[in-house]
Amino acid sequence: MANEEQAHTTRHAFVQTVNGLAGRAEVLGLHGCAAARFLAGLLTPTGPALLVVVADLDQARQLTAELAFFSARPEKIRLFPHWEMAPFEPLVPHSEIEATRLATLYGVLQGEVEAVVTTPAALQQRVIPRQALHTLCEELILEEEYDRHQLQQRLHDLGYRSVPLVEDRGTYSFRGDILDLFPPTLEQPVRIDFFGDYIERMRVYDALTQRSGDQQLDRLTLLPSREMVLTGSYLDQFSQQLKQRCDALELPRTKREAILEEVREGLLSPGRSFLLPLNYGQLDSLFDYLATDTVVTVDAPAVEQTLDQFSRSIEQGVAHMVAGEEPYVEPHQLYLAPQELEQQLRVKRQIHLADLHIYDLDHDKSVLRVESCGNGEFLQQAEPQRIRHLAERLTAWADQQWSILLVCRRSGQAQRLNDLLKPYELDPQPLTTLPWNEQRGTLHWVCADISRGFQLPDEKLVVVTEEEVFGQRVKRRRRNELRAKAALSSLAELKERDYVVHADHGIGLYLGLEQLSSSGMSGDFLKLEYAGGDMLYLPVERIEKVQKYAAGDLQSVRLDKMGGTAWAKTCQKARAAVEEMARELLTIYARREMAEAFTFSPPDDVFRSFEAAFPYEETADQMAAIQDVLEDMQSGRPMDRLICGDVGYGKTEVAIRAAFKAALDSKQVAVVVPTTILARQHYATFLERFHGYPVHVEMISRFRSAADQKRVLKELAEGQVDVVIGTHRLLQRDVHFKDLGMVVIDEEQRFGVSHKERLKKMRAQVAMLTLSATPIPRTLNMGMIGMRDLSIIDTPPVDRLAIRTYVTRFDDDLIRNAILRELQRGGQVYFVHNRVQSIGAMAEFLATLVPEAKIAVGHGQMAEKELEKVMLGFIEGETNVLVASTIIENGLDIPRANTIIVNRADCFGLSQLYQLRGRVGRSKNRGYAYLLIPGEATLTKDARARLQVLQDLTELGAGFRVASHDLELRGAGDLLGGRQAGQIAAIGFEMYTELLEETIQELKGMESEGRIDPEIRLGLHAFLPDNYVVDPNQRLVFYKKMAAAEDDATLYDIVDELQDRYGEIPQPGLVLLEMMKLRVELKRLRIDLAEFDGRRLVFGFHPTTTVSPDALLALIQEDPQRYSLSPDFRIAVRLNERGSDIELIEEAKKQLQAFCGP
């Protein structure tokens, strides 16, 4: 009987019907994640896997997460994504996507998968043959033997790259008995310890800290690092088939040779992935892997539409390749024809999940109708009433014995929801085991990656997610907390011919790390060049004397002369400038400490509900900053807090919560910003966040009419405006408040002197909250503690949502498609062109290429008001493509702009690319970054090396190892005022911050003893051999860590790290560590020299030494044959015999103990 309908279907009935089905079933009425709950009932640990097809990748990701939540075996639910590129588009597939695809194919091959969720594009594209994948996989098992040379060759064959330091997927590093490798299918890299060829242990370690954790593995499956394997017989096959294909297409031999040269160097240029069939001869399809008898289609009309679009884009891709005279394969070699795909989908059981029932007389099919609904009712309520409505519904469901589950993404949000429900006598319990047992009459909460719930009246089940109560949240990828905090030592990035600052000799040129031997000793030395070609060889134990020179303009740097007086004068001048600044800071601090202020009330339920509506997950730093501000407001003394963090790190939300708290306590808030653009941005943000709450927000700027401004000023004076946002116009004399309680200042360093003076006067009277996008280094933070309360938000937004980064040649069609794709989803595009001379021509070219776009041009040489107008037009959406120089690098936060195209990306530094890429991906939409490189047929060797680096950038965050000095430097001069900027340039940033810290301590009356840098000349063989730690930069980092150690515990920690990462420490390294322990003791006793002259140990004492002269005199009187004192206060100790290096160090330590007395 056609279209027989079964109403009120429960999950049990659905599973029974499908299991007895031969043909088609249509399921109607499933809302939210109810579909996943029903489908989870079909999963079995044995038997063929379920294939689920949805229209697009975002849907596929969502459904995979939901299915995993309801499944008893979540690890067996797999996503199979497509390459996220149009067919034959000149891009490289993202390594993360290729890793997911390979892991899913391998899981299916091994029978470890119960469901595969995919898209039409992924189904249509053919894949690596099963036989090839089976042959290419390598399994490493604990306590088995593997020939290490063969294993290294195997890794090379699988496409892994050998690197000094393993941080990115698809790389490995052999160091003695240790192999580090990062398989693309794992979240973290793995460290394998060998004993000969025998695997002793396998540990997972942190890519950032390079330290291993507790997690150990029994076996490790190595899959190819990419879908194309261009080594060994596969490379031969590729070369042969490429030749045949190029000949058939009548392409010049030079084209073929250029591709082969790239491939032999391990490079896969943009667009070459589409030559995949040439790599293996004949490809398989996903159906060859997956012998399924059940296919589920979600929203069949949308799936068919996507299929049609994809088939059309295959034809367009081929036409593009033909026009560009590029090699390509026949479409049928890489893609299934639509008819083939339809044939494959006609399996025993076909289930269509549909929104709309369409009568279909041609087929006998079962129609199952589920009575369910979504949870849209909550967001329809005004925000303050939302929690009350939720509580009423939860109470009603509980009274009717429903099973209720509340889903939050993070435990912090769950805790917040629990607190909001407490006044209604609701106490959700945590769900401790998954899957959910759906017990009647229970109210639970759980943390899961689910954004939509459902109500099933027939089964008395309800799932409510935090998004359905508080609005859509922007997902952030979880990030390692340490990764968020990490600021690499600037020495980790030190390259030969970089400028360095030596504390005694000034600015020099670093020429590398050299191992020198002389008079019976050997060690590593930093080779530094000074003016006039003078050379300084600095022993590594004194590396603390040196810092990388970082002060902006490196073009005008002049080397200092060793032994000259210029450097001493420079330092003196800098010290005077620092002292002046420190005094000013301390005066403000003293005045503030004595004042009293309004005490704000603690947060109440209205405030907590406002907090919960924030659409992002707060980072730990952000939560700490918010807590700091709330505590300041309740302290009873004037708040003066500085919140530091880069653009987009979440400073504005801290200010919004403070302003909301002040408004709840009937106090007015002024938000002062340096530009009208920022005023406009803040106004929009504040309005959006305060929507539905009784807080009146206004803005004063020159973009508002005189009548409007007059009205706002009147309402402000009468107390009708709670929050006013504006430029320095708010600081003028005619602006009066009825009851001002707080001033928020954004980017204070960008205001003029007179405005700063006005703000200074306000400081002692009202709560002040200053936001700064200049990242302040930790050293400066330490120096300023206690003078101005400081909260640092240094968790970057790089993982807000993975930004797809593509490296590609300049290609008209690609640029047009990238821009149109963004415009079609209602977004905006940045096009970065960093040559002001030709920026106009580039804008004209883009206007011709994409006539649909509304293009604006902005660069730093435009008049301020003109640039402001351009930017405002872009923010307001009047234009949708902004062709700009790197002015967009900092300061702009436009959530609609989610595609950035960087022309000539090979000319930018990595840190600049990091900044530029950070402009997109700030909203719930995925960001795309296209890095364009020149289109020459053959790249130079240098350009090729750069291309390799840029390809590393396609891994999220990889390659952007932005050393801390890059971030510290941006705007450092502004932070400290104009005069200080000159001093920073003179002595370098790190040294400047140290000076400031010392000066503040002195002015506060704390004794500053100055740093002791002991010189050790014991004639030792003390260094880390270059065959132990191969990478010179890593050796530098370890030397710096050792030299900076203040106690033995730190040194023991370094020993652990060295053994963990590099294996057993060789003898010269052990001697070095013992010498560093001696150095710690010398620093503690303030002894600045330890020397061995062949017969005697000689110690020189600093004037502030803690060693008592009486103790030394007692030793000399007790044994005058052994101890003697020289006129320059040096004590010599005669030794009978020298002994080994370590014995000599032990003897020196023993003498230090003797100096301290019994």
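Just a few scattered comments:
- Scan of the stretch 714-737 for residues that are under 27 Å from Glu864 (Cα atoms) and over 43 Å from the mean Cα position of the chain (by Cα), ordered by number: Arg733, Asp734
- Set Gln415, Gln429, Gln439, Gln455: member being touching a residue at least 40 places away in the same chain (Cβ under 8 Å), among the polar types (S, T, N, Q) and not assigned by TED's automatic domain parsing to the domain that holds Arg73: Gln455
- Scanning the stretch 309-331 for residues that are closer than 20 Å to Leu283 by Cβ and small (Gly, Ala, Ser) yields Ser311, Ser313, Gly317.
- Odd one out for Leu79 among (1) of a type outside the set (Val, Ile, Thr); (2) under 19 Å from Leu368 (Cβ atoms); (3) in contact with a Lys or Arg (Cβ under 7 Å, 6 or more places away or on another chain); (4) outside any loop (DSSP other than H, G, I, E, B): (2)
- Residues located in the stretch 246-260, provided they are surrounded by 10 or more Cβ atoms within 10 Å (Cβ to Cβ) and charged (D, E, K, R): Asp247, Arg253, Lys255, Arg256, Glu257
- Among the residues listed as Ser225, Ser233, the single one being modelled with pLDDT under 90, crowded, with 18+ Cβ neighbours inside 10 Å, small (Gly, Ala, Ser) and within 23 Å of Gly266 (Cα to Cα): Ser225
- Residue list for the stretch 1124-1141, restricted to those being surrounded by 13 or more Cβ atoms within 10 Å (Cβ to Cβ) and under 30 Å from Pro1068 (Cα atoms): Arg1130, Ile1131, Ala1132, Val1133, Leu1135, Arg1138, Asp1141
- Those helices (runs of 4 or more DSSP H) lying entirely in the stretch 237-298 with at least 3 residues without any contact (Cβ under 8 Å) to a residue 24 or more places away in the chain and outside the structural domain of Pro331 (by TED's automatic domain parsing): 253-264
- The residues on offer are Ala1114, Ala1090, Ala1154, Ala1132, and the sole one that is under 27 Å from Phe1038 (Cα atoms) and of a type in the set (Gly, Ala, Ser) is Ala1090.
- If you go through the stretch 606-625 and keep only what is out of contact with any strand residue (DSSP E or B) (no Cβ under 9 Å at 6 or more places or on another chain) and hydrophobic (A, V, I, L, M, F, W, C), you end up with Val606, Phe607, Phe610, Ala612, Ala613, Phe614, Ala620, Met623.
- Glu98 meets the stated requirement of being out of contact with any Leu (no Cβ under 9 Å at 6 or more places or on another chain), within 27 Å of His134 (Cβ to Cβ) and charged (D, E, K, R).
- Residue, nearest to the chain's Cα centre (by Cα), within the stretch 843-861, restricted to residues that are surrounded by 17 or more Cβ atoms within 10 Å (Cβ to Cβ) and over 18 Å from Arg680 (Cβ atoms): His859
- Qualifying residues in the stretch 888-915 (those that are assigned to a loop (DSSP other than H, G, I, E, B), farther than 27 Å from Ala679 by Cα and at pLDDT below 80) - the one nearest to the chain's Cα centre (by Cα): Gly909
- Exactly one residue out of Glu200, Glu227, Glu261 is under 30 Å from Val318 (Cα atoms) and over 33 Å from the mean Cα position of the chain (by Cα): that is Glu261.
- Residues of the stretch 61-81 that are in contact (Cβ under 8 Å) with a residue 60 or more places away in the chain and buried (at least 22 other Cβ atoms within 10 Å of the Cβ): Leu63, Glu66, Phe69, Phe70, Phe80.
- At least 2 residues being modelled with pLDDT of 85 or more is the threshold, and among the strands (runs of 3 or more DSSP E) wholly inside the stretch 508-609 those reaching it are 521-529, 535-539.
- Inspection of the stretch 1013-1034 finds a residue satisfying the criterion of being touching a helix residue (DSSP H, G or I) at 6+ places or on another chain (Cβ under 7 Å), over 28 Å from Gly1094 (Cβ atoms) and at pLDDT below 85.
- Filter result for Val117 (within 22 Å of Pro435 (Cβ to Cβ), aliphatic (A, V, I, L, M) and not in a strand (DSSP E or B)): no
- Listed by first and then second residue, the pairs linking a residue in the stretch 1023-1046 that is assigned to a loop (DSSP other than H, G, I, E, B) to a residue that is among the aromatic types (Phe, Trp, Tyr), with Cβ atoms under 8 Å apart and 6 or more places separating them unless they lie on different chains, are Leu1024/Phe1038; Leu1024/Tyr1039; Tyr1028/Tyr1062; Val1029/Phe1038; Val1029/Tyr1062.
- Leu102, sole failed condition from (1) at positive phi; (2) in contact with a Ser or Thr (Cβ under 8 Å, 6 or more places away or on another chain): (1)
- Residue within the stretch 46-56 that is crowded, with 21+ Cβ neighbours inside 10 Å, in a loop (DSSP other than H, G, I, E, B), of a type outside the set (Gly, Ala, Ser) and at pLDDT 90 or above present: yes
- Strands (runs of 3 or more DSSP E) wholly inside the stretch 659-744 that include at least 3 residues being surrounded by 22 or more Cβ atoms within 10 Å (Cβ to Cβ) and of a type in the set (Val, Ile, Thr): 668-672, 723-726
- Note on the stretch 799-887: enclosed strands (runs of 3 or more DSSP E) holding 1 or more residues that are at pLDDT 90 or above are 828-832, 855-858, 881-884.
The values are calculated or read from the model by the stated rules, or taken from the named source; none is laboratory data. Computed from a prediction, not measured in an experiment: that's the story for all the values here. Here the Cβ is made from the backbone with ideal geometry for all residues, glycine too, and neighbour counts use every protein chain on show.
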